[in-house]
Amino acid sequence: MEFDNLKLKCECGGNMKKIRTEWKGLEVRGWRCNRCNEEVINPVDAQKALEIERAKKRNLLTVKLRKVGKSNVVTVPQPIMEAENLREGQKLEWGIEGRKLVLTL
Ligand SMILES: [Zn+2]
């Protein structure tokens, strides 16, 4: 669905203007009313933010350690790629903190 070209009217009768705002710690697209300042989050971005939040809270992004050639490979789930703007070829740094492996950008 494409929401970008949607002209929204607020319940108060004001016009909704496109904005970028922060929601659950992520930058999301949305609209804000020019009259009552009511904010609406783009449902696509809201869905993505919720997925990431859920994953962060409950460690749902389980991945399997695999062997490719002589390397040990761990995949990075798409929501993390998107949330952190990761790209192929980017350098990351492994660290060990107690029982945690920490991947630093
Ligand atoms: Zn309004």
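The values are calculated or read from the model by the stated rules, or taken from the named source; none is laboratory data. Bear in mind the structure is a predicted one, so any value in this text is a computation, not a measurement. Quick reminder, even Gly has a Cβ in these numbers, built from the backbone with ideal geometry, and neighbours come from all protein chains shown. Accessible surface is based on the protein model in full, side chains and every heavy atom, while ligands, DNA and RNA are left aside. Shrake-Rupley method; radii C 1.70, N 1.55, O 1.52, S 1.80 Å.
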Residue check for L6: at pLDDT 85 or above and away from the ligand (no atom under 11 Å from the Cβ): no
Within segment 35-53, tally of residues that are free of Cβ contacts under 8 Å to residues at least 24 places away in the same chain and within 16 Å of the ligand (Cβ to nearest atom): 3
Single unsatisfied condition, G89 versus (1) free of Cβ contacts under 8 Å to residues at least 12 places away in the same chain; (2) surrounded by 11 or more Cβ atoms within 10 Å (Cβ to Cβ); (3) on the phi > 0 side of the Ramachandran plot: (2)
Output for segment 54-86, where each listed residue is open to solvent by 60 Å² or more (accessible area, probe 1.4 Å), in contact (Cβ under 8 Å) with a residue 12 or more places away in the chain and in a helix (DSSP H, G or I): I80, E82
Within segment 9-34, tally of residues that are in a strand (DSSP E or B), free of Cβ contacts under 8 Å to residues at least 40 places away in the same chain, more than 8 Å from the ligand (Cβ to nearest atom) and of a type outside the set (D, E): 13
Any hit, segment 66-75, residues being more than 10 Å from the chain's Cα centre (by Cα) and closer than 25 Å to T21 by Cβ: no
Residue check for A83: modelled with pLDDT under 90 and of a type in the set (G, A, S): yes
